[in-house]
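The values are calculated or read from the model by the stated rules, or taken from the named source; none is laboratory data. The structure presented is a predicted model; accordingly, all values stated were derived computationally and were not measured. As a convention, Cβ positions derive from the backbone with ideal geometry for all residues, glycine included, and neighbour counts pool all protein chains shown.
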Amino acid sequence: MDMEVNWMPVALQEGHEAIERGEVPIGCVYVSSDGIELARGSNRCNEMRDGTRHAELVAYEQMVLRMGTARVREEFSRGVDLYVTCEPCIMCCAALALLKVRHVVFGCKNEKFGGCGSVRAIHESRSTRIPGIVSVKGGVFAEEAIEMLQKFYTQENLNAPEPKKKRQRTLHT
Amino acid sequence: MAKPLRIPLDDEEERSSFPLTEVVTSAVETSSASKLMLLFKDILPMDEDLGHLKRIRRVDNRLEIVLGRANLWESAQSSNEELLRTFNLNPVTVEVSSVEPRNKEEMEEMGQYWPVTYKPKRVRAPLPSEAEYEVMMEHARQIHIRSSSLEAGELCSTVAMIVDPKDGSIVSEGAVDTSDAISHAVLGCIRNAATVLSTRPGALYLCTGLDCYVVMEPCVMCTMALVHSRIRRTVFSQRNEVFGGLLRTKIHRERALNHRFEAYQVDLSCDDYRSS
Ligand SMILES: [Zn+2]
Ligand SMILES: [Zn+2]
């Protein structure tokens, strides 16, 4: 509980920063088993013109860049937790399973792409050869996460009174 | 040459019969039918799985209504006893089709149990022409050769290539980085495609209209990455036994998602390109 109160606001803050950059506001933070922040990040789909640059992958890549794969592997073998403002999508959930993230704590549900139960339940796929996520918990600071997303979409509608051309549109992935 | 095999959609797979499930129904008086329909929308809504069933049917001059799933009826009844008493219901458990019909013939067959509605699906992409198959096989061989210097992957394809089918040009390539658990070839290939495409004038929206070639069926993560990227088609030869996103899990065909793509499995086993 203490951990949630400590870390979810960090993820939310990352999300708010994404709004400033015109990105769908989803933020996250990876925390080590000693309770130390390993990396934080938010959506960069628009900036990178890449629909796979979700917060979870952006932050992970930052971590690898900063610490190197060997140290990252070591941290994950000791147990890494993830706090993310919105339920990880199917892609990210599979990535978290491959990385063997220990606890995934998320805010609001992701009805469009959710991989922790909303569209599929990837976190439940167990195989001897896929490490898997140890536990998943949703609904933590969910109201704040929803409010943040609503703020983004209202703002986006205000800024775009005319329908955008296809290639200029925001990536909602 | 063996033709590439299109991974069948759920509704393309052969089916000689359909599964049944139990629901509780009751004869109702014509005058109270609409009231009951409204009431049941509240107390026992037809969940999505039963969405194909008509709520009411006419048998001769009588009306019958689906009250709800057999396993949910009991509790709904006891918590709404007062309300229901006035309707004189006479609950009968019957078997109905538990799936929606794929065509008119099925609709009629299922209707013998209980009437269902049939909604024709949107038209599917046509099957590729012979010439297109040839090109597809050519790219599949190409990616296969690229993989031959690498150790076989277990969880995902070791190499990937994104191709523009309009001119057959290679947009980007990717290879696995085994030092990292999620640096898969497909993900890398998408990253590289984004870099290349962003420099082109009149850039595409992500990978719209492009095809991805891999040796092994992409894993769940990479399959969803391809969905996010709006890829048109994915072609592979080897089944992913551990974490595949296509054959078993069919994430590329998930109706709840905002994009879906075609997938083909090619058979390169009888190919003699190695010796030629
Ligand atoms: Zn994601
Ligand atoms: Zn993969």
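Here are a few things to note about the model shown:
- Counted residues, region A:121-139 - those being of a type in the set (Lys, Arg) and at the interface with chain B (Cβ under 7 Å from one of its Cβ atoms): 1
- For region A:58-80, the condition holds for no residue, the condition being that it is over 23 Å from B:Leu155 (Cβ atoms), surrounded by 22 or more Cβ atoms within 10 Å (Cβ to Cβ) and either within 16 Å of ligand 2 (Cβ to nearest atom) or not β-branched (Val, Ile, Thr) (or both).
- Residue check for B:Val186: more than 16 Å from ligand 1 (Cβ to nearest atom), under 25 Å from the mean Cα position of the chain (by Cα) and over 30 Å from B:Thr21 (Cα atoms): no
- Checked against the criteria, B:Glu173 counts as under 25 Å from B:Ser269 (Cβ atoms), among the acidic types (Asp, Glu) and part of a strand (DSSP E or B).
- The strands (runs of 3 or more DSSP E) found wholly in region A:24-96 and carrying at least 1 residues that are at negative phi and among the aromatic types (Phe, Trp, Tyr) occupy A:27-31, A:81-86.
Yes/no per residue for (1) among the charged types (D, E, K, R); (2) at pLDDT 85 or above:
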| position | (1), (2) |
| --- | --- |
| B:Glu12 | yes, no |
| B:Glu29 | yes, yes |
| B:Asp42 | yes, no |
| B:Arg55 | yes, yes |
| B:Glu64 | yes, yes |
| B:Gly68 | no, yes |
| B:Ser98 | no, yes |
| B:Arg102 | yes, no |
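- Verdict on A:Gly107 being more than 9 Å from chain B (Cβ to nearest Cβ) and either in contact with a Lys or Arg (Cβ under 8 Å, 6 or more places away or on another chain) or within 16 Å of ligand 2 (Cβ to nearest atom) (or both): no
- Exclusive hit being within 18 Å of A:Thr52 (Cα to Cα), among the small types (Gly, Ala, Ser) and within 13 Å of another protein chain (Cβ to nearest Cβ), set B:Ala225, B:Ala185, B:Ala175: B:Ala225
- The set of residues from region A:42-80 being in contact with a Gly (Cβ under 7 Å, 6 or more places away or on another chain), without any contact (Cβ under 8 Å) to a residue 60 or more places away in the chain and within 12 Å of ligand 1 (Cβ to nearest atom) comprises A:Ser42, A:Ala55, A:Val58, A:Ala59.
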